[in-house]
Amino acid sequence: MRRVIVVHRDRKSQRTLSRVIASGVGPVTVVETPAAARALVDGATAAVVSAEAAAGPGFGELAAAVRTSGGHLLLCGEGGPTAVLPLVRDHELDHVVSSDPVDLADELPLTLRALAAPAGLCELGAARYLSHGARLEELVPTRTHERVALLGRLREGLAAMELSARQERQAALVADELLANAIYDAPCARDEARRESARAADREIIPAERPRLRWGSDGRHVAIEVTDPFGAVSPATIRAHVARLIDRSTSPRQGNGGAGLGLAMTFLATSQLVFHLAPGRATQAIGLIDLRARPDGGRALVPSLHLHTEPGAATSGRTHG
Amino acid sequence: MAESAPTFTVASAPGRLVMAGRIDERARLAELAETVTAGPLVVDLGDVAYINSLGVRDWVMFLRRLAERGVEVTLERCAEPMVLQMNMILDARGHARIASFVAPFACDGCGWEGGRLIVTAEVLPVVEGGGTPEAECPECQGRARFADFVDRYFLFLA
Ligand SMILES: [Zn+2]
């Protein structure tokens with residue numbers, strides 16, 4: 001990343017963001033408007049933009065310029081889902097970062113460094129988001145109905161961590177939904193009927209199609225990771241599903257696979273949801289749940305979202321669901 | 001906190017259902033709607049421990065079928081997982097009346113975290129007046145504060 005620009009009007013936020021980026025990544029330029037940032041885009045540029053600035057004039061042009069530069073736009077999630085998710089949908093954004101200064105100090109350098117490295121499936125997976133040395137448990141289902149037993153084992157592991165009832169439920173939900181998606185939805189993403197009927201019967205999953213569930217904790221976060229060998233989900237699909245949270249309009253019916261409900265529920269259960277997408281090859285989803293005691297009970301105002309897509313394949317995933 | 005995978009259970013009496021445990025694809029809620037007789041129905045959701053997306057879909061279908069048959073539904077003691085779904089999707093509440101529900105609280109004095117039962121009629125004036133509900137900590141009897149976003153958690157009551 002050649003240049004990092006912060007677009008924020010609030011002095012205190014400018015200082016926080018500058019410190020986090022300058023100390024964790026490298027030099028940073030602070031401006032107040034998208035238009036001022038647009039003029040600075042030169043080569044691969046990362047722009048960290050407040051939701052307030054993004055809702056103002058010139059943001060679309062900035063987003064387009066950053067994309068053309070081969071850079072990345074990171075939106076600060078300070079406004080809650082109704083302020084942030086329309087921007088994500090309308091401007092096809094890949095990154096929402098926390099508005100909390102403590103979270104940001106963790107998340108922003110990690111994200112900017114990840115973006116500076118070649119995109120694509122990350123070998124480290126969830127380990128990247130936990131402190132060094134955190135141990136990950138791993139389970140691989142060999143039959144579709146084994147999912148329930150695997151989730152039982154996960155729940156036992158979570159119980160041993162003495163999480164709060166809410167944290168335990170959130171972690172279990174993330175694993176439940178991501179695993180269901182990997183076992184049932186990913187293999188037949190283009191065939192809703194097959195997806196519905198696929199759930200009733202217990203069948204063997206051939207080795208090449210088996211998803212992998214991993215989880216672990218470093219005392220600050222619980223991380224749940226599910227990787228499938230299909231790569232059926234596209235960034236556009238993910239954005240569309242979480243955008244339905246804006247007006248609470250998801251309308252589940254028999255036969256529409258829940259209308260992406262599982263993905264929206266997963267998003268809201270996490271403090272950070274990360275996808276590494278290799279379209280047609282693999283999808284890796286990582287949900288992080290914050291364990292630190294927080295005044296709001298540990299729920300982020302809006303969870304962070306990161307869609308890392310392998311270069312050259314970003315537009316090949318088709319929207320479904 | 002071992003949630004030893006309690007399966008879904010439902011107890012029924014005339015005009016009343018008590019749901020408990022885990023609402024997922026095994027709960028078969030949509031079929032349950034057919035067994036409900038005409039007249040007002042109270043559904044107690046206090047001991048629902050978990051619901052996943054397929055459970056939500058079935059729950060929505062359960063409410064729709066009852067609405068189609070003109071059954072007036074009142075939800076009692078809605079557990080937190082159910083409240084979160086109703087806050088996420090309009091259809092998850094449908095036309096049901098909410099009599100009472102559980103809200104998350106935390107005590108800064110002793111670190112207790114948990115849910116307390118809230119009566120809708122009592123909390124609505126507080127929330128609509130811009131206030132935040134309070135509760136007594138069951139462990140140290142200190143003041144427990146509401147542990148979520150007020151403008152988000154009570155959305156489903158509107
Ligand atoms: Zn206390």
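The values are calculated or read from the model by the stated rules, or taken from the named source; none is laboratory data. None of the values given here were measured: they were computed from a predicted structure. Neighbour counts are summed over all protein chains in view; Cβ atoms, including those assigned to glycine, are modelled from backbone coordinates with ideal geometry.
Quick rundown of the values:
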read-out	value
Hey, A:L136 surrounded by fewer than 19 Cβ atoms within 10 Å (Cβ to Cβ), more than 14 Å from chain B (Cβ to nearest Cβ), on the phi < 0 side of the Ramachandran plot and not hydroxyl-bearing (S, T, Y) or not	yes
One residue from A:R169, A:R190 being modelled with pLDDT under 90 and either within 12 Å of chain B (Cβ to nearest Cβ) or not in a helix (DSSP H, G or I) (or both)	A:R190
Residue within segment B:59-75 that is buried (at least 24 other Cβ atoms within 10 Å of the Cβ), free of Cβ contacts under 8 Å to residues at least 24 places away in the same chain and either within 14 Å of chain A (Cβ to nearest Cβ) or part of a helix (DSSP H, G or I) (or both) present	no
Pairs, first within 14 Å of another protein chain (Cβ to nearest Cβ) in segment B:133-151, second more than 7 Å from the ligand (Cβ to nearest atom) and among the small types (G, A, S), C-beta under 6 Å, six or more apart	B:A144/B:A135; B:A147/A:G297; B:A147/B:A106; B:D148/A:G297
Close pairs (6 angstrom Cβ cut-off, 6 or more residues apart or separate chains): more than 10 Å from chain A (Cβ to nearest Cβ) in segment B:101-117, acidic (D, E) and more than 9 Å from the ligand (Cβ to nearest atom) anywhere	B:V102/B:E80
Evaluation of B:V83 against (1) farther than 15 Å from B:A49 by Cα; (2) within 14 Å of another protein chain (Cβ to nearest Cβ); (3) of a type in the set (V, I, T) (one fails), failing number	(1)
Residues (under 18 Å from the mean Cα position of the chain (by Cα), charged (D, E, K, R) and within 16 Å of the ligand (Cβ to nearest atom)) located in segment B:115-158	B:R116
In segment A:140-162, the residues that are of a type outside the set (V, I, T), assigned to a loop (DSSP other than H, G, I, E, B) and touching a helix residue (DSSP H, G or I) at 6+ places or on another chain (Cβ under 7 Å)	A:P141
Residue in segment B:51-58 that is β-branched (V, I, T) and part of a helix (DSSP H, G or I) present	yes
Qualifying residue in segment B:90-111 (condition: more than 16 Å from the ligand (Cβ to nearest atom), part of a loop (DSSP other than H, G, I, E, B), closer than 24 Å to A:G80 by Cβ and under 21 Å from the mean Cα position of the chain (by Cα))	yes
Any hit, segment B:58-72, residues being within 16 Å of the ligand (Cβ to nearest atom) and touching a strand residue (DSSP E or B) at 6+ places or on another chain (Cβ under 8 Å)	no
Helices (runs of 4 or more DSSP H) enclosed by segment A:1-114 - at least 3 residues per element that are in contact (Cβ under 8 Å) with a residue 60 or more places away in the chain, crowded, with 20+ Cβ neighbours inside 10 Å and out of contact with any Cys (no Cβ under 6 Å at 6 or more places or on another chain)	A:11-24, A:81-90
